[in-house]
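Inspection log for the structure reproduced underneath, given as structure tokens.
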Amino acid sequence: SLFFSVGFVIRRVEDPRPYRPLLSKLASTLRDMEVESQFLSKKETRFRMQNILEDILISLNSSSRGSGNSRSSTSAECNLLLNDANALNLKLFRTPRPPSSPVPDHAVPVLLRPEWQLHAYDWDLAINWIVP
């Protein structure tokens, strides 16, 4: 039987749900590699595990910070060649931000003049687009 565990350490404010599929795929890939070639059991290949985990950390963090803010990016990915027969492709999809709060009625602009009077003035392009 195989006993090992894999986990990610994330910030307390982060939502852990997007990370579950990544952990599941990583665990199944490592399980398959252990069954096929004793990747975790052999002393010759066991030392590579730390390098693989560091590469996953660096790949996921660097691709999520491509725009300068890790929360503004909706996905991060990691593509690694683990050995001659196995590759690991992980993609993290962050949950979208919740919708913004409703706009109160007093914050919405209201047309105070008849529309035909507005066409008499030479407005800028934004007003012409809002009021046809």
Notebook entry, point to check: If you check every pair at least six apart or on different chains, which have Cβ atoms under 7 Å apart with a residue in region 1-21 that is part of a loop (DSSP other than H, G, I, E, B) first and a residue that is surrounded by 10 or more Cβ atoms within 10 Å (Cβ to Cβ) and aromatic (Phe, Trp, Tyr) second?
Noted result: PHE8/TYR19; ILE10/TYR19
Notebook entry, point to check: How many residues are open to solvent by less than 90 Å² (accessible area, probe 1.4 Å), under 30 Å from THR29 (Cα atoms) and at pLDDT 80 or above when one looks only at region 92-132?
Noted result: 1
Next item on the list: Report the residue count in region 22-31 for those that are within 14 Å of ASN89 (Cβ to Cβ) and either assigned to a loop (DSSP other than H, G, I, E, B) or open to solvent by 50 Å² or more (accessible area, probe 1.4 Å) (or both).
Entry: 2
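The values are calculated or read from the model by the stated rules, or taken from the named source; none is laboratory data. Predicted model, so just to flag it, every value in this text is computed and none were measured. Using ideal geometry, Cβ is built from the backbone for each residue, glycine included, and neighbour counts are taken over all protein chains shown. When the accessible area is computed, the model is the full protein with side chains, heavy atoms only, and any ligands, DNA or RNA have been set aside. Shrake-Rupley method; radii C 1.70, N 1.55, O 1.52, S 1.80 Å.
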